[in-house]
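Reviewing the structure listed below.
The values are calculated or read from the model by the stated rules, or taken from the named source; none is laboratory data. For clarity, every value in this text was computed on a predicted model and none was experimentally measured. Methodologically, a virtual Cβ is constructed for each residue, glycine included, from the backbone with ideal geometry; neighbour enumeration extends over all protein chains shown.
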Amino acid sequence: MEAAYLAVARFRKPHGLKGEAVCWVLTDEPERVFTVGRLLTPVDENGDRIGEPVEIEQERSYHRSWLLKFRGIADRSELELWDQILLGVPREELTPPHNEQMYEHEVPGATVVANGEVVGEVSRLLDGAGGQLLVVDVNGREILVPFSKPIVVRIDRAARRIEIDPPEGLLEL
């Protein structure tokens, strides 16, 4: 059964004193998703609702993140309790991914292949300073692989397969 909600942002920290939140963007369409009046619902890693929805009152792009102000939150004190919470929207409100894309919750468990050989299985995604990293289980040992081009050359969503072209030595680290 697929998740009812899909995470579109991860709360990072309060910004300023008047209740703005810095959020990591987890969608390819932030301008379409983060609009005034949109309800964002706290969700867990499985897309299950874990809290009451909050309504976007103001929004703007902020460096590599997004600043969101929610109706009814007037200062930073409530936001200080959020601690990296995921914010989601109902699945049907989002543009479905193409076969060569995956929702973030679909990545763990995907097979990683290099040069036609199975490397391992993704155990989780990790947020890094330069972007997301695949944590790949290779026979009980973990390696980190940047989840971006040119290293990721193809994604097959239906097969849950991620093909990579790793630089020399990456798989030996």
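Being modelled with pLDDT of 95 or more, of a type in the set (A, V, I, L, M, F, W, C), crowded, with 16+ Cβ neighbours inside 10 Å and outside the structural domain of Thr41 (by TED's automatic domain parsing) is true of Val112. For the stretch 1-44, which residues satisfy the criterion of being over 16 Å from the mean Cα position of the chain (by Cα) and of a type in the set (S, T, N, Q)? The answer is Thr35, and nothing else. Among the residues making up the stretch 63-94, those that are in a loop (DSSP other than H, G, I, E, B) and loosely packed, with under 11 Cβ neighbours inside 10 Å are His63, Arg64, Gly72, Glu80, Leu81, Asp83, Gln84. Among the residues of the stretch 49-62, those identified as among the acidic types (Asp, Glu) and either surrounded by 12 or more Cβ atoms within 10 Å (Cβ to Cβ) or under 15 Å from the mean Cα position of the chain (by Cα) (or both) are Glu55, Glu57, Glu59.
Every test in (1) over 17 Å from the mean Cα position of the chain (by Cα); (2) within 23 Å of Trp24 (Cα to Cα); (3) surrounded by 17 or more Cβ atoms within 10 Å (Cβ to Cβ) is passed by Pro150 save one, and that test is (3). Between residues in the stretch 44-61 that are of a type in the set (Asp, Glu) and residues that are not in a strand (DSSP E or B), which pairs lie under 6 Å by C-beta distance while being six or more apart or on different chains? Pairs that qualify, where the first residue is of a type in the set (Asp, Glu) and the partner is not in a strand (DSSP E or B), are Asp44/Ile50; Glu55/Arg71; Glu57/Arg71; Glu59/Phe34. Quick one: would you say Lys18 is touching a strand residue (DSSP E or B) at 6+ places or on another chain (Cβ under 7 Å) and touching a residue at least 12 places away in the same chain (Cβ under 8 Å)? Taking the combined requirement at face value, the residue does not satisfy it. Flag set for Leu81, criterion: assigned by TED's automatic domain parsing to the domain that holds Glu29, over 18 Å from the mean Cα position of the chain (by Cα) and among the aliphatic types (A, V, I, L, M).
Does Val135 meet the test of being in contact (Cβ under 8 Å) with a residue 40 or more places away in the chain, surrounded by 14 or more Cβ atoms within 10 Å (Cβ to Cβ) and in a strand (DSSP E or B)? Answer is no for this residue.
A Cβ distance below 9 Å, combined with a sequence gap of six or more or placement on separate chains, defines the contacts here; from the stretch 143-162, residues that are more than 15 Å from Glu121 (Cα to Cα) reach residues that are among the polar types (S, T, N, Q) in the pairs Ser148/Gln132; Ala158/Asn99.
Being of a type in the set (Phe, Trp, Tyr) and either modelled with pLDDT under 95 or closer than 24 Å to Ser148 by Cα (or both) is the filter here; which residues of the stretch 47-106 pass it?
Our first condition is that a residue be of a type in the set (Phe, Trp, Tyr); within the stretch 47-106, this holds for 62, 66, 70, 82, 103.
Scanning the stretch 47-106 gives Tyr62, Trp66, Trp82, Tyr103.
Is there a residue in the stretch 106-125 that is free of Cβ contacts under 8 Å to residues at least 40 places away in the same chain, touching a Pro at 6+ places or on another chain (Cβ under 8 Å), over 28 Å from Glu31 (Cα atoms) and of a type outside the set (Val, Ile, Thr)? Scanning the stretch 106-125 turns up at least one residue that is free of Cβ contacts under 8 Å to residues at least 40 places away in the same chain, touching a Pro at 6+ places or on another chain (Cβ under 8 Å), over 28 Å from Glu31 (Cα atoms) and of a type outside the set (Val, Ile, Thr).
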